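Below: one structure, written as structure tokens.
The values are calculated or read from the model by the stated rules, or taken from the named source; none is laboratory data. Note that the structure is a prediction, hence the values are computed from the model and not measured. For neighbour counting, all protein chains shown are included, and Cβ atoms are generated from backbone atoms with ideal geometry for every residue, glycine included. To get the accessible areas, we keep the full protein, side chains included, count just its heavy atoms, and leave off ligands, DNA and RNA. Shrake-Rupley method; radii C 1.70, N 1.55, O 1.52, S 1.80 Å.
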Amino acid sequence: MAPTKHKPINSQPHSKNFVKLERGINSISRMKVAIIGAGVAGLAVAIRMACRGHEVEVFEGNAFPGGKLSAFRLGDYRFDAGPSLFTMPSYMEDLYTLAEVPIEAHFSYERLEVVCNYFWEDGTELSAFADPKKLAKELHAKLGVDAKVVDRILSDSQRKYDICGEIFLEKSLHKLSTWMQPKILKAMMLIPTLDLFKSMNKVNSGITDHPKLIQLLNRYATYNGSNPYKAPGLLTVIPHFEYNVGAFVPHGGMNQITQSLFKLAEHKGVQFHFSTPVEEIEMTQGHATGIKVAGVGKKYDTVISNMDVFSTYKKLLPHARHPTRTLAQERSTSAVIFYWGVNREFESLDVHNILFSENYEQEFVAMQSGGIYHDPTVYINITKKYVSADAPSGCENWFVMINAPHRAGQDWDVLIAEARKNIIAKINRILKIDLETLIVQESLLDPRTIESRTSSHLGALYGSSSNNRMAAFMRHANFSSKINDLYFCGGSVHPGGGIPLCLLSAKIVDEIMHE
């Protein structure tokens with residue numbers, strides 16, 4: 001089903017009037033700011049610093065911006081390399097509002113009518129409509145689930161966001177000023193209702209007893225690389241973003257997020273240095289005073305790292321005291337992604353599609369032990385469904401991903417060969433096709449290349465996992481408590497991975513710097 005047209009919105013559930021407030025806090029003198037990494041958080045924080053009037057330079061080891069959020073071509077097929085789901089577009093709009101540039105001329109998107117199509121081995125198929133009423137009708141028709149269950153799921157998800165979303169996601173949890181707010185006291189009193197002490201699976205099992213719906217809801221733990229059988233029930237807040245707010249697609253593909261932010265940053269005077277890896281963050285008497293590039297030191301007033309926080313310490317701060325306990329946290333999952341140019345179109349598939357494992361829990365047990373389950377859950381993203389130029393006529397560009405463990409000494413060549421065989425067999429069974437004969441282009445991304453291309457420690461996509469109920473508090477702060485004038489943004493630090501949270505990490509850095 002095609003996406004519905006959607007105009008930019010400014011009514012999403014996030015801190016109101018913060019753009020107005022930010023504009024009023026320009027008392028800090030002009031600074032020279034070095035940003036390490038041009039991922040989406042690095043781009044966002046560069047825009048914010050430039051809007052403050054600072055002199056901003058971004059240093060990126062790759063020859064292109066975006067980090068994981070980049071794109072490439074295989075013959076006549078275009079692929080977004082990384083994140084494929086776009087939620088909370090208001091965070092993008094905030095950057096354009098802050099820069100006083102109309103977003104409509106530079107970035108546009110549409111809201112999806114169907115968030116995702118789901119398939120099971122027994123032939124069950126359902127479309128997760130974005131409209132809660134249509135979703136309830138579909139779940140009743142396909143699974144026999146009472147319509148009231150959908151209302152309970154989404155109401156509980158929104159309730160949790162309303163209690164703690166702004167606090168846990170949009171503010172630093174490592175600043176006393178955050179905990180002095182009246183909202184915090186209210187949220188603290190309601191902690192017993194946030195399901196922090198139950199697993200996500202237990203919470204979902206308490207809402208419905210239908211195994212397929214539980215599996216669908218448990219999937220949201222993978223949005224930050226976690227295990228639904230271990231991660232806290234607070235993660236049941238995630239459906240709120242997809243259904244109550246919406247799932248969206250940028251016109252031109254996900255890489256348009258990167259390209260629009262890059263152009264906006266350049267418009268605001270940010271200087272970029274590509275194919276220029278930073279070798280060290282220089283320090284003087286407990287202050288970050290600059291960076292070293294190609295053996296040459298460069299002086300700056302402030303340094304912001306968008307590089308994985310583990311790699312930042314290990315590679316760029318070899319002589320500094322490291323937060324050992326924080327860096328030793330359990331890593332999130334990674335992924336194995338096949339990019340396939342397919343010379344056929346499939347009406348049964350939409351933009352986002354999930355082919356579920358028969359035993360979801362065992363899939364996570366296998367990953368926990370460093371392996372890949374023989375019957376993995378398969379995600380297929382097809383941007384051709386809304387960007388016609390992404391594949392030739394009559395063809396589709398398939399981004400096919402399975403969750404995988406981070407690097408831990410495995411023989412990845414063996415694991416990937418077996419996974420490819422199992423993925424194709426599963427797709428063939430469910431779609432009743434011979435996929436191998438339809439693949440005309442192929443490329444691969446796995447934990448090894450994720451680490452080498454993005455400096456993500458052990459190839460973990462989201463830094464540390466959220467399997468611990470205190471995970472939100474254990475993530476590295478957006479600033480260093482030991483090194484003055486050093487800040488951190490991106491998916492490996494607070495508030496976490498994914499495009500919306502990376503954008504929020506940039507906002508938090510900006511607020512901390514200009515308190």
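Modelled with pLDDT under 95, open to solvent by 10 Å² or more (accessible area, probe 1.4 Å) and of a type in the set (A, V, I, L, M), is that true of ALA320? Show your work before the answer.
On the way: modelled with pLDDT under 95: yes; open to solvent by 10 Å² or more (accessible area, probe 1.4 Å): yes; of a type in the set (A, V, I, L, M): yes.
Yes: the conditions hold for ALA320.
Here LEU458 passes the criteria (1) part of a helix (DSSP H, G or I); (2) touching a residue at least 40 places away in the same chain (Cβ under 8 Å); (3) more than 24 Å from SER492 (Cα to Cα); (4) in contact with an Asp or Glu (Cβ under 8 Å, 6 or more places away or on another chain) except the one numbered (3). The set of residues in region 155-170 being among the small types (Gly, Ala, Ser) and open to solvent by less than 50 Å² (accessible area, probe 1.4 Å) consists of SER157, GLY165. PHE356: over 30 Å from PRO65 (Cα atoms), buried (at least 22 other Cβ atoms within 10 Å of the Cβ) and of a type in the set (Phe, Trp, Tyr), yes or no? Judged against the criteria, PHE356 is a match. Of all residues in region 404-415, those being in contact with a strand residue (DSSP E or B) (Cβ under 6 Å, 6 or more places away or on another chain) and either charged (D, E, K, R) or within 18 Å of TRP340 (Cβ to Cβ) (or both) number 1. Comparison of GLY67, GLY53 shows that the only residue that is at positive phi and surrounded by fewer than 24 Cβ atoms within 10 Å (Cβ to Cβ) is GLY53. With respect to (1) open to solvent by 30 Å² or more (accessible area, probe 1.4 Å); (2) modelled with pLDDT of 90 or more; (3) among the aliphatic types (A, V, I, L, M); (4) within 24 Å of PRO228 (Cβ to Cβ), the lone exception for VAL149 is condition (1). Remark: VAL309 falls outside the filter, which requires a residue to be more than 24 Å from the chain's Cα centre (by Cα), closer than 21 Å to ALA38 by Cβ and in contact (Cβ under 8 Å) with a residue 40 or more places away in the chain.
Taking ASP434, is it under 21 Å from PHE356 (Cα atoms), modelled with pLDDT of 95 or more and touching a Ser or Thr at 6+ places or on another chain (Cβ under 8 Å)? Considered against the rule, which asks whether it is under 21 Å from PHE356 (Cα atoms), modelled with pLDDT of 95 or more and touching a Ser or Thr at 6+ places or on another chain (Cβ under 8 Å), ASP434 comes out as no.
The one condition from (1) farther than 25 Å from LEU355 by Cα; (2) crowded, with 24+ Cβ neighbours inside 10 Å; (3) in contact with a Pro (Cβ under 8 Å, 6 or more places away or on another chain); (4) not aromatic (Phe, Trp, Tyr) that GLY459 does not meet is (1). Hey, can you tell me all the residues within region 102-127 that are in contact (Cβ under 8 Å) with a residue 24 or more places away in the chain, open to solvent by 50 Å² or more (accessible area, probe 1.4 Å), closer than 30 Å to GLN259 by Cβ and assigned to a loop (DSSP other than H, G, I, E, B)? Correct list: HIS106, GLU113. Whether a residue is modelled with pLDDT of 95 or more and within 19 Å of GLY490 (Cα to Cα) was assessed, and ASP76 does not pass this test.
Taking the criterion of being assigned to a loop (DSSP other than H, G, I, E, B) and in contact with a strand residue (DSSP E or B) (Cβ under 8 Å, 6 or more places away or on another chain), the residues of region 219-233 that qualify are GLY225, PRO228, TYR229, LYS230, ALA231. Applying the condition of being surrounded by 18 or more Cβ atoms within 10 Å (Cβ to Cβ) and under 26 Å from the mean Cα position of the chain (by Cα) to region 128-139 and asking which residue is farthest from LYS212 (Cα to Cα) yields ALA130.
Being touching a Pro at 6+ places or on another chain (Cβ under 8 Å), of a type in the set (Phe, Trp, Tyr), within 29 Å of LEU458 (Cβ to Cβ) and at pLDDT 95 or above holds for only one residue in TYR379, TYR339, TYR373, TYR313, and it is TYR313. Residues TYR223, TYR229: which one is open to solvent by 10 Å² or more (accessible area, probe 1.4 Å) and under 16 Å from the mean Cα position of the chain (by Cα)? The conditions single out TYR223.
For region 241-265, residues that are modelled with pLDDT under 95, part of a helix (DSSP H, G or I) and open to solvent by less than 20 Å² (accessible area, probe 1.4 Å) total 3. Residues of region 345-369 being among the aromatic types (Phe, Trp, Tyr) and either over 16 Å from LYS432 (Cα atoms) or in contact with a Gly (Cβ under 6 Å, 6 or more places away or on another chain) (or both), which ones? Within region 345-369, TYR360, PHE364 qualify.
Scanning region 484-513 for residues that are part of a loop (DSSP other than H, G, I, E, B) and touching a helix residue (DSSP H, G or I) at 6+ places or on another chain (Cβ under 8 Å) returns CYS489, GLY490, GLY491, SER492, HIS494, PRO495, GLY496, GLY497, GLY498. Go through region 193-206 and give me each residue that's surrounded by 17 or more Cβ atoms within 10 Å (Cβ to Cβ), in a helix (DSSP H, G or I) and of a type outside the set (S, T, N, Q). If the condition is that a residue be surrounded by 17 or more Cβ atoms within 10 Å (Cβ to Cβ), in a helix (DSSP H, G or I) and of a type outside the set (S, T, N, Q), then MET200, VAL203 are the ones that fit.
Of everything listed in (1) open to solvent by less than 70 Å² (accessible area, probe 1.4 Å); (2) at pLDDT 95 or above, the single unmet condition for LYS32 is (1).
Inside region 128-174, residues that are under 30 Å from LYS507 (Cβ atoms) and in contact (Cβ under 8 Å) with a residue 60 or more places away in the chain make up a count of 21. Report yes if LYS426 is among the basic types (Lys, Arg), over 30 Å from LEU349 (Cα atoms) and open to solvent by less than 10 Å² (accessible area, probe 1.4 Å), otherwise no. It is false that LYS426 is among the basic types (Lys, Arg), over 30 Å from LEU349 (Cα atoms) and open to solvent by less than 10 Å² (accessible area, probe 1.4 Å).
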